[in-house]
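The values are calculated or read from the model by the stated rules, or taken from the named source; none is laboratory data. Fair warning: this is a prediction, and the values are worked out from it, not measured in the lab. When we count neighbours, we look across all protein chains shown, and the Cβ atoms used for this are built from the backbone with ideal geometry, even at glycine. Side chains are part of the model used for accessible areas, which takes the heavy atoms of the whole protein and leaves out ligands, DNA and RNA. Shrake-Rupley method; radii C 1.70, N 1.55, O 1.52, S 1.80 Å.
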Amino acid sequence: MSVWVTEEVMRRGLRFCSRGSLWQQRNFLLSAPIKNSCSPDKQFFHLWSPRQSQTWLSRSPVSSVRFYSQGANHGDDLEDGERLPSQPADTASAERQRKSPFLELLESCGSPSDVLDLTGKYSPTARQVSHCLTHMWATTKKMTDEQRRYELQLMFEHPAFDQLLQRAMKTLVHISDEDVTYSLLSMVNLGVPQRSRVVQTFLRTCQEKLNDFDEKSLSILASSLEQMEDGANVRALKEGMRLVVEARLPGIKNVMALQTMMRLLGKDAPKDLKWKLEKKALSMTDHFSLPNAQYMISTMATMGFFSKPLLDVCSKKITENIHGIPFNRIFKLLQSCRELRYRDVHLLTSISDYVASSLDIWTNKQLLLFLSVFENLIFCPAALMDAYADKVIANPDVLTLKDLLCVLKVYSSLSYDLQDRRQQFLDSLSRVLISYLPKISAFELLKAVYCLCLLGHFPYAPLEQLLQSSVLEKLAGSKFPKSQERMFQTVDVCLRVDHPPLPQPLTVPASVLGDPTPSTPSVNPRLLLDLQSLLEDQVHMMLQEGVMVENLYFIDAAVTKPTPNQTSVCEARIGGAEGCSPAESSERIAVMYAPQSGFCYGTSNPRGPLAVKIRHLKILGYNPVLVTEQDLQSVSEEARIDFLRERIFPQHHRPETQPDEKEHLRS
C-alpha cells in the first residue's frame, strides 16, 4: 500500500511541476538545435559546446565533494564526514568488473587525458564507461587550480572525449542506478555544460528511474543537483526528490544520505518538511559520528533552519572531540554558527582553548580568520586573545597591513583587557602601524586610528597624519560618509575626554564630524517607569530624563544622589524651606538601556563603542548603570525595581535576594 501511495504521489507531483509535459515528452532537451536526444542509435556531433565549457571552467572550479563506495573507482580518498553508505557488489558481473585488466589500467591513469587515451585503445563496457568518468573526476581533485584548468582544457579538446560521452548515452539503459548518478555527478564536476545533450539525457533518465533509486543513489543525485544551475529538468528533479524524500523519510537509515538530501531541499523546503527532517535527525543522533555532527551544523546553515535541540547535540559531540579537527572544518563550523546565529559558550570556549594550546600548528592567516569569525559571533575567545597577543609582542613585524587592521578591529571590538601586557601589545601594534604610514590609504588610516582610540591608545604620528588637510581631502569623497563621520566623532571625543598627553595638541576639524546636533533617541519607557517607581519616595533624589553628554553619548536617565553626610544637610535645609541644589551632590548615576549586542556573548563585559562610552562617562564623573533588554522583559516589575535599587543603592539592597536575582538577570 505504501509503495502504491509513494508512486501515486510521485506521479501527480511530477505531472504538476512539469506542467503535463516533462514526463511524457521523449525529446526532453533544452538545447533547441538538438533533436531526438533520446534515440541511442543516431550519430551525435556536438554533445557540448566548447565555448560553453570554457565559460563554465572559468567561473566554476571543480567541486571537492567526495563519496564513499566499496568499488574501486567511486572515490577512494574520502573525507570522513562525506561518506555515503557502501553496498557490496552482489552480482558475478560486478565481481568480474572488479578484477578486469581494464580497471587495473584505469587505476594507473593520472589525468583525464590518460583515461581518454586508454578508452581509445580499449573499448570499455557499459559499466566501465561510468568508472572512466568517475576516475577522470577523481584525478582532478588532487591537482592545483591551475593544473586542473589545463587538464580539463586538454580533456575537452581530446577526440576521444566526444566518443566516450556518446558511448555513455548509448549504454545508459544497461548500467545500474548508482552508476547513472555517479556518471552524472562526474560530468557535472568535470565541467560538461548543463545544457549539453549528454547531461540532459542523464537528467531525464534520472527522472524516469527516480522511484527506483535507493538511498545511496538519491544522495549522489542530490549532490549533483546541488551544484547545477536552475533549469526545467533540474527543477523537476528537485521537486521529485522532495516528494520521494518526504515519502521515504521514515525508512532512511544513513545519516550522511539524510544530510545530503537536506542540503538539496535547501531553504525553499516547506516548514512542515523541515520539522519532519529535524525529527528524523534527532532520532538518529545516537549514530552521529564526529564528522556527522560537524556536517549537520553546516547542513542546517545551508537550509536556513535553526533547531536548537539538534544544534546542542552536535555541539556537545564536537566539544568532546575537538582536538585534532583540521582548520577548514573548524572554520566552516564557526561560519555556520554565525549564519544560524547560534552560540554555545562551551563549544566556542573549547575551540578557543584548543587553538590557543596548539598555536604553533596554525598559520598566521588561520589564526586571524579564527579571531575574525569569533568577533563576528560577538564572542571573546579569551585564551586565543591572550596567546595571539603574546605572539604579536614577540614578533610584531610579521604582521602585514591587512593583518594589522584585522587585529586592531578584533581587539577593539571585543574590548579585551590584556592587563599587564596591554601597553606592550598596543605599543607593538603602534610601531607596526607607523612603519606602514608611507603607504597606507586614508580610509585604512582612519580605521586604524579609530580602533586605537577605542582601545584608549593614542600614538601621535598616526593621529597627526590622519588630521592633515591632504588626508582629510582624500576622505571627502568617501563612499561611506556615515561610518566615516561616526569614526571621526569617536576620535574627536576621545581626544577631548581622554585628553592624552601628546607632543602637540590635536583637534578634529568640525567639517568631518557631520551634523553638530545629533538626533536624540527616545527613552526606554519601561525603564523610565521603573525608575520613577523606585525614586518616588526619595525626596533627595533628582531624576533627569534623556541626557546628551559631550554631544555624543545618550543617557536614558541621570540620577543625582547626595552623599550620606549631605543628606542631613539637605534635610535641615528642607526644614528651613531651602532646597538642596543638585550641583552640590557628589554622585551622578547614568542609567542606560544597553542592547545585548553591546556585550561579549555569555558575559556582562561591554565591548566596542559601549565600553568607550562607559570609560568616558566615568571620566566625566558619572557612575554608569547598564540595563539590558533581558533585565526589562524576563522578570517581574518587583524584580526589576529590586535590580535597579541594588545598582543605585548598593548599600541598601537585600543580601538574601541578591545572588538569585543577579543570576537570573544576567543568565
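Counting only helices (runs of 4 or more DSSP H) that fall entirely inside region 548-667 and contain at least 3 residues that are at pLDDT 90 or above, the qualifying elements are 608-619.
What about Asp272, is it open to solvent by 40 Å² or more (accessible area, probe 1.4 Å), within 19 Å of Met303 (Cα to Cα) and not hydrophobic (A, V, I, L, M, F, W, C)?
yes
Go through region 443-478 and give me each residue that's over 20 Å from Asp498 (Cα atoms), assigned to a helix (DSSP H, G or I) and open to solvent by 20 Å² or more (accessible area, probe 1.4 Å). Of everything in region 443-478, those that are over 20 Å from Asp498 (Cα atoms), assigned to a helix (DSSP H, G or I) and open to solvent by 20 Å² or more (accessible area, probe 1.4 Å) turn out to be Phe443, Glu444, Ser469, Ser470, Leu472, Glu473, Lys474.
Yes or no, residue by residue, for (1) in contact with a Ser or Thr (Cβ under 7 Å, 6 or more places away or on another chain); (2) modelled with pLDDT under 90; (3) within 16 Å of Gln166 (Cα to Cα):
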residue	(1), (2), (3)
Leu184	yes, no, yes
Gln200	yes, no, yes
Gln207	no, no, no
Gln227	yes, yes, no
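Summed over region 251-286, the residues that are acidic (Asp, Glu) and farther than 18 Å from Leu340 by Cα give a count of 2. Only a single criterion out of (1) open to solvent by less than 50 Å² (accessible area, probe 1.4 Å); (2) assigned to a helix (DSSP H, G or I) is not satisfied by Met228, namely (2).
A single entry from Val199, Val234, Val245 fulfils the requirement of being part of a helix (DSSP H, G or I), more than 28 Å from Val129 (Cα to Cα) and open to solvent by less than 10 Å² (accessible area, probe 1.4 Å): Val245. A single member of Leu172, Leu164, Leu184 is surrounded by 21 or more Cβ atoms within 10 Å (Cβ to Cβ), farther than 21 Å from Arg235 by Cβ and either free of Cβ contacts under 8 Å to residues at least 60 places away in the same chain or not assigned by the TED database to the domain that holds Ala138 (or both), and it is Leu164. Taking the criterion of being within 26 Å of Pro462 (Cβ to Cβ), touching a residue at least 40 places away in the same chain (Cβ under 8 Å) and not charged (D, E, K, R), the residues of region 375-409 that qualify are Cys380, Leu401, Leu404, Leu405, Leu408.
One residue stands out in region 91-108 among those that are open to solvent by 20 Å² or more (accessible area, probe 1.4 Å) and either within 20 Å of Gln153 (Cα to Cα) or of a type in the set (Gly, Ala, Ser) (or both): the one that is modelled with the highest pLDDT, namely Ser108.
Taken as a whole, region 263-276 holds at least one residue that is at positive phi, under 23 Å from the mean Cα position of the chain (by Cα) and at pLDDT below 90.
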